[in-house]
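First comes the structure, then the notes that go with it.
None of the figures in this text is laboratory data; all of them are computed from the coordinates on show. As the structure is a prediction and not an experimental result, all values here were calculated from the model. Cβ sites come from the backbone with ideal geometry, for glycine too, and all protein chains shown count toward neighbours.
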Amino acid sequence: MKSTNSLAAAYLLDWAAGDPEWIPHPVRLIGAGTQAGEKFLRRFGKNPRYEVVSGGLLAISVTIGSGLLTYWLIRKITHRSRGLGTAFEIALAATCLATRNLLDETSAVLAALERGDLNAAREKLSRIVGRDTDSLDEAEICRAVIETIAESLSDGIIAPLFYLAIGGVPLAMAYKAINTLDSMIGHMDDRYLYFGRVAARMDDAANYLPARLTALLICTATLLLEPPAVRPALTTWLSDGHKHASPNAGQPESAMAGALQVRLGGTNTYQGEVIHAPIMGEQFPEPSISSARRAWKRGVLVSLLGFAAAMLALRAFRHD
């Protein structure tokens with residue numbers, strides 16, 4: 001971002017408006033480009049080496065293209081009108097953040113649980129998770145909510161703030177492209193094992209620091225909200241953060257498990273396929289509605305702490 005004022009405006013805009021479905025989101029354009037590129041590249045070969053190379057070229061092209069296009073648009077509009085260019089930059093920056101959406105969507109699930117409507121909770125949960133939700137019980141729904149909050153704090157809030165602070169909107173949009181590529185083609189199934197390999201590794205690299213910053217901020221928020229719980233937050237993070245197959249996913253999840261002193265991870269199903277995730281905080285009991293609400297409150301504070309850190313970082317290297 002060009003200034004702390006612009007970053008603050010973008011953060012507040014995300015809190016105020018979120019991502020209304022009727023407004024075209026840049027991620028949709030990134031997704032469409034990824035789909036078109038995959039369809040084109042798959043015409044020319046199917047062997048593992050070709051898929052790794054072609055999938056890698058697609059991932060790199062979409063990422064660089066997203067950053068360069070963002071930079072070009074901001075510069076073009078700013079050249080015509082400085083005020084309009086600043087407004088456009090702020091609006092794009094806000095689309096990189098997801099605090100309002102995360103809090104609204106997870107709160108809706110918890111509200112349904114609190115009124116005893118499991119079917120409504122399952123339906124609302126299906127909007128924000130990839131796992132099958134039709135047969136989840138209350139504890140499993142609470143676990144899914146807590147895991148979603150922990151994961152989304154990292155890739156939906158802290159990581160974009162990190163990249164906005166160090167490289168502005170173009171770098172943050174390049175990060176969103178990497179995140180989108182990973183969600184679309186970075187899978188370990190038969191179709192994407194080779195084609196999505198580079199995209200998955202790019203996502204690992206891009207989230208390495210933000211994931212650990214998120215875990216640290218979860219521990220910091222715990223120190224402020226429930227000081228006695230900071231010790232289990234830190235010890236569970238250090239003992240279980242590496243258990244996940246991903247170098248990053250286990251970082252915020254393990255910290256959150258220790259902060260709430262609940263057990264996360266376990267068996268999930270995705271379109272009928274059973275997947276076993278590592279257990280975080282195995283010594284703790286299953287999550288409850290109360291612990292899920294505490295996770296939600298931590299999400300609010302972690303977002304605010306992340307914003308404050310991004311403002312300090314931006315102020316240290318730039319001047320308004």
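Give the total of Lys-Lys pairs in the chain with Cα-Cα distances below 23 Å; include a pair only if its members are 8 or more places apart or on different chains. Intermediate values should be presented prior to the final figure.
Working: 2/76; 2/176; 39/176; 76/176; 124/297.
Step by step, the pairs that qualify in the chain add up to 5.
If you take the charge dipole of segment 160-296 about its Cα centre, with +1 on Lys and Arg Cβ and -1 on Asp and Glu Cβ, which of 180, 206, 262 is farthest toward its positive end?
206
Please report how far the C-alpha centroid of segment 72-121 lies from that of segment 270-315, rounded to the nearest whole angstrom.
For segment 72-121 versus segment 270-315, the Cα centre distance is 19 Å.
Towards the positive end of the charge dipole of segment 6-76, with charges on Cβ (+1 Lys, Arg; -1 Asp, Glu), say which of 70, 55, 30 has the farthest Cα.
With unit charges placed on the Cβ atoms, the residue in question is 55.
Just name one of 96, 295, 221: the one whose Cα is farthest towards the positive end of the charge dipole of segment 4-317 (beta-carbon charges, Lys/Arg +1, Asp/Glu -1).
96
Quick check on packing: order 33-41, 166-174 by the mean number of other C-beta atoms within 10 Å, highest mean leading.
Working: 33-41: 15.4, 166-174: 22.7.
Top to bottom by mean Cβ count within 10 Å: 166-174, 33-41.
Please get the size of the charge dipole for the chain, origin at its Cα centre, with Cβ charges of +1 on Lys and Arg and -1 on Asp and Glu, quoted in debye to the nearest 20. All intermediate terms of the calculation are to be shown ahead of the outcome.
Details: 32 positive and 31 negative charges, 272 e Å.
With Lys and Arg at +1 and Asp and Glu at -1, about 1300 debye.
Highest mean first, what order results for 250-263, 78-91, 220-233 on Cβ atoms within 10 Å? Working shown, then result.
Values: 250-263: 28.6, 78-91: 14.6, 220-233: 17.5.
In decreasing order of mean packing, 250-263, 78-91, 220-233 become 250-263, 220-233, 78-91.
Sorting check: for 129-138, 59-68, 195-204, which peptide has the highest mean count of neighbouring beta carbons within 10 Å, and how do the rest follow? Don't skip to the end; give the middle numbers.
On the way: 129-138: 15.1, 59-68: 18.9, 195-204: 21.7.
Highest mean packing first, the order is 195-204, 59-68, 129-138.
P(r) of segment 4-317 in 10 Å steps, Cα pairs, percent per bin?
Distribution as computed: 6, 25, 34, 25, 9, 1, 0 percent.
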